[in-house]
Every structure is written in C-alpha cells, then in structure tokens.
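Asker: Take a look at this one; I'll ask things after.
Values in this text are rule-based calculations from the coordinates and carry no lab data. Source: prediction; values computed, not measured. All Cβ positions, even for glycine, are placed from backbone atoms using ideal geometry, and neighbour counts span all protein chains on display.
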Amino acid sequence: MVEKDMVVQINPDHDERFGGCFMVVTEPKPWGAQGYVQIPGSKGLAYYRCPSEAFVIIGPAVWVQE
C-alpha cells in the first residue's frame with residue numbers, strides 16, 4: 001500500500017509525458033496516489049494523479065519538497 005512521502009515510478013505505457021518518471025506521493029488515495037514529479041528537462045515540479053495500476057512502489061523518499 002502506498003503511503004505519503006513514498007516514491008513510485010509511473011508506467012511508461014500509462015502516460016507518454018511522465019511515463020518512467022519518479023513521483024513523490026503527497027496524498028495516498030483509494031484509487032491510487034497524488035504527488036509531484038520533476039518536469040523532464042526543467043527545474044519545475046508538476047503535480048500528478050496516478051491510478052494504482054499505473055505505478056510501482058520504489059520506497060520511501062529521503063528528501064521531499066515542501
């Protein structure tokens with residue numbers, strides 16, 4: 001089960017923009033998780049909602065954005 005501040009990796013087949021990206025979970029949801037990813041090729045963050053079947057849990061994050 002995914003928890004706040006865990007890192008998950010988004011399945012590349014789920015989304016061509018963020019597929020393969022690591023997402024830090026900010027809010028576990030019954031359907032999956034909401035969190036943020038580093039925007040590829042940018043210094044910014046994007047907030048993203050992902051269903052549980054479209055990610056795998058990597059583990060706890062050591063550093064998180066506030």
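Asker: Residues of segment 28-66 being outside any strand (DSSP E or B) and in contact with an Asp or Glu (Cβ under 7 Å, 6 or more places away or on another chain), which ones?
Answerer: Ala61, Val64
Asker: I've got another one for you. Go through segment 1-15 and give me each residue that's surrounded by fewer than 16 Cβ atoms within 10 Å (Cβ to Cβ) and farther than 16 Å from Ala46 by Cα.
Answerer: Answer for segment 1-15, where residues must be surrounded by fewer than 16 Cβ atoms within 10 Å (Cβ to Cβ) and farther than 16 Å from Ala46 by Cα: Met1, Glu3, Lys4, Pro12, Asp13, His14.
Asker: Oh, and also: Can you name the condition, by its number, that Ala33 falls short on among (1) surrounded by fewer than 14 Cβ atoms within 10 Å (Cβ to Cβ); (2) in contact with a Lys or Arg (Cβ under 8 Å, 6 or more places away or on another chain)?
Answerer: The number of the failed condition is (1).
Asker: Inside segment 14-50, can you point out the residues that are among the charged types (D, E, K, R) and free of Cβ contacts under 8 Å to residues at least 24 places away in the same chain?
Answerer: Glu16, Arg17, Glu27, Lys29, Lys43, Arg49
Asker: Let me ask something else. Regarding segment 12-26, can at least one residue be identified that is among the small types (Gly, Ala, Ser) and more than 11 Å from the chain's Cα centre (by Cα)? Give the steps one after another, and end with the answer.
Answerer: At the first step, the residues of segment 12-26 found to be among the small types (Gly, Ala, Ser) are 19-20.
Narrowing the set further to residues that are more than 11 Å from the chain's Cα centre (by Cα) leaves none.
No, the conditions are met nowhere in segment 12-26.
Asker: Moving to a separate point now. Condition test on Glu53, is it surrounded by fewer than 13 Cβ atoms within 10 Å (Cβ to Cβ), without any contact (Cβ under 8 Å) to a residue 60 or more places away in the chain and in contact with a His (Cβ under 9 Å, 6 or more places away or on another chain)?
Answerer: Yes; evaluated as a whole, the condition is true for this residue.
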